[in-house]
Amino acid sequence: MPNPENQHHRQAAQTPAEKMLPNVHIVSAPESTEFHPLAEAAYLNLLNAEQAALQEGAAPSVLPLYGQALKHAKAARERTSDELSGLLNREGINLWFERNKPEKFAVLFLDARNFKKINDTYGHNTGDDVITYMGQRLTSRLRFAKAPERYVEKRKNPQAKDAVAGIGRWGGDEMLVVVDLKGVDDKDDSKVVNVIQDKLSDFGTYTGTNNEVSIPISIRSAAMIGRASDNKPLSDYQAALDAELIQLKEYEK
């Protein structure tokens, strides 16, 4: 019979960031960054066995990997997750990109219109809550990769195909989305991107925890297609898209 005192050790529900990088604690551990895939699999099997034993009442002190895994998982979550949005942070989205290595992909860079006005009018605490809201809306409107499975989404547009995505907060109200376009015909790339941008153009109205405010959240975005053969880091795509967003902001004035 499971020991009630050990129930709190059971794995908590994963955040979107943890689902996008489910084994990040292994990859990010300083002493195991070059883990061979077979060694990583063996490590995971042993860790899963220890977690099962823990749920059946085994004392954590007799499980050699448990404490080490918790330490690595906590440190990795802090390094790769964004606390406000629940998404990956800049390091995390770069790691997602390295691990998934899509052959062809769309990169979208987006922010909220008038976010500075939100901070100035309602205060930075409300601004932080809006960032949390944006993260929730992004993860509800896009599907993200979860190793070893991949979530896929059938979109209404028959040209839009299936997609998986890595979603991260780049900084402030700026979010970076990478969508794997595997299986999408080259001639349909722009159609798929347009569908995604349309899907992310309006995040509805943020009302606060007690309906104390009513703030429409409208999103602007810029997008481009990339390929693994380009051999570019995400920062190169982000820089180009950031310049495009700056032009859009000037046009909107």
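Can you find a residue in segment 204-225 that is acidic (Asp, Glu) and at pLDDT 90 or above? Checked segment 204-225: no residue is acidic (Asp, Glu) and at pLDDT 90 or above.
Please tell me if residue 90 is touching a Phe, Trp or Tyr at 6+ places or on another chain (Cβ under 8 Å) and surrounded by fewer than 23 Cβ atoms within 10 Å (Cβ to Cβ). Here the answer is yes, as residue 90 does meet what is asked. Please indicate, with yes or no, whether at least one residue in segment 154-165 is more than 22 Å from residue 101 (Cβ to Cβ) and modelled with pLDDT of 90 or more. Taking every residue of segment 154-165 in turn, none turns out to be more than 22 Å from residue 101 (Cβ to Cβ) and modelled with pLDDT of 90 or more.
The values are calculated or read from the model by the stated rules, or taken from the named source; none is laboratory data. Just so you know, these numbers come straight off a predicted model, no measurement behind them. Virtual Cβ from ideal backbone geometry, glycine too; neighbours counted across all protein chains shown.
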